[in-house]
Amino acid sequence: MLCALIMAGGKGTRFWPISTEDKPKQFLNLISEKTMIQMTIDRIKPMIPIERIFVCTSQQYVDLLSEQIPDLPIRNIIIEPEGRNTAPCIALSALVINRYYKNANMIVLPSDHLIRDEEEFRKILTTGNKFVDMNPKSIVTLGMKPSRPEIGYGYIKYTDDKQVVDNRKIIKVESFVEKPSLEKAKQYLQESKYLWNGGMFLWNTNEIIDEIKKFEEDTYEALQHIRDISEEKLQEEINNNYNKTRAISVDYAILEKSDNIFVIESEFGWDDIGSWEAIERYREKDTNNNIYIGNIKANNTKNNIIASSSNKVIISDLSDIYLVENDGYIIIGKKENISEVRNYNMS
Ligand code: GDD
Ligand code: MG
């Protein structure tokens, strides 16, 4: 049985002030008219029915989530009392999914990515699922060919050891390095043995629980009783114990340590929407190369990025600038320096 887990508890602080702690980027329509979590769920639905799609998020986002995904069953919202990064989120979710589907495989997906070729994405996941059925101890990652030295990603070094399923190569991984230094990232780009970690994983729930037990003992101890508790006591059990988990990402906690990792090289037009530059790459522009998100009226402008949540913005005869406005804050600058927006975070 195949289930999906969507991780939707990130704070998305790099997009402040458009993305706030009350409404982070996965709940915003940064790339299209749909929000990023809606895009994520629509992408996986042709493959997995909504009854088997689970979303893990913090208590504070449950209302937003139910509003944006009204057909998501209540039991499929896995509620963390607080965000403690992806390792506890995955541990909790694997244990919860395992209650309903004993020997399930589980696809783990972030809620803030763009994928252009959705059919190819689903085909790769179908192949990955077959591979996990044949090799239940394996942890499958999706790897993308690096195109720049990116220090915000994990890097997967693969071996020559390959298996072929559905005419696709599934390659044994030699090592995994999360968020390397710029120097290392440049070196990995030159060597041809590295792929970017796409942050999407496929594994058997029992296997990932075993890996957590092995590498994250405190988290396992804090949460393991979830398996046996009654449905009525489940949330209370989570609430009482979640703060005993170790706050760390799954990449550092498990992927850098496990010996059972495989990678499928994937080409489906993937990007992590983690910066304004990524929005610039993918959001449709008007005929004058402007990106306007919100209620913007423009006259004689070109090459601008303007995003406003709360106000109406009128702009005239100004080009090559950015303006990001929300929550009582306005940040304006030269468009070429839009990456600096993240440095002004005053939240
Ligand atoms: N429920 C929950 N709780 N979700 C969380 C939490 C949490 O505490 N923290 C993060 N998430 C969600 C985010 O919303 C996002 O969808 C996903 O988990 C990944 O978290 P990020 O914070 O965006 O991770 P990252 O981008 O720095 O790094 C990961 O993704 C890269 C590719 O996009 C790593 O897996 C890298 O290795 C990878 O290259
Ligand atoms: Mg990310």
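The values are calculated or read from the model by the stated rules, or taken from the named source; none is laboratory data. As the structure is a prediction and not an experimental result, all values here were calculated from the model. Reconstructed Cβ throughout: ideal geometry from the backbone, glycine too, with neighbour counts over all protein chains shown. Quick note on the areas: whole protein, heavy atoms, side chains included, nothing else; ligands and nucleic acids left out. Shrake-Rupley method; radii C 1.70, N 1.55, O 1.52, S 1.80 Å.
A compact table of results
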quantity: Hey, VAL324 assigned by TED's automatic domain parsing to the domain that holds ILE208 and under 24 Å from the mean Cα position of the chain (by Cα) or not; calculated: no
quantity: Residues of the range 304-321 satisfying the condition of being open to solvent by 40 Å² or more (accessible area, probe 1.4 Å), at pLDDT 95 or above and not in a loop (DSSP other than H, G, I, E, B); calculated: ILE314, SER316
quantity: Test: residue in the range 265-272 that is surrounded by 18 or more Cβ atoms within 10 Å (Cβ to Cβ) and farther than 22 Å from MET39 by Cα; calculated: no
quantity: Residues being within 13 Å of THR20 (Cα to Cα), outside any loop (DSSP other than H, G, I, E, B) and aliphatic (A, V, I, L, M) - total across the range 322-347; calculated: 1
quantity: One residue from ILE226, ILE156 being in contact (Cβ under 8 Å) with a residue 40 or more places away in the chain, assigned to a helix (DSSP H, G or I), of a type in the set (Val, Ile, Thr) and in the same structural domain as ASP259 (by TED's automatic domain parsing); calculated: ILE226
quantity: Hits in the range 69-121 - residues which are open to solvent by less than 10 Å² (accessible area, probe 1.4 Å), assigned to a loop (DSSP other than H, G, I, E, B) and within 16 Å of ligand 2 (Cβ to nearest atom); calculated: SER111
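Residues checked against (1) farther than 30 Å from ASP166 by Cβ; (2) in contact with an Asp or Glu (Cβ under 7 Å, 6 or more places away or on another chain); (3) open to solvent by less than 60 Å² (accessible area, probe 1.4 Å):
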| position | (1), (2), (3) |
| --- | --- |
| PHE262 | no, no, yes |
| ILE279 | yes, no, yes |
| THR287 | yes, no, no |
| LYS302 | yes, no, no |
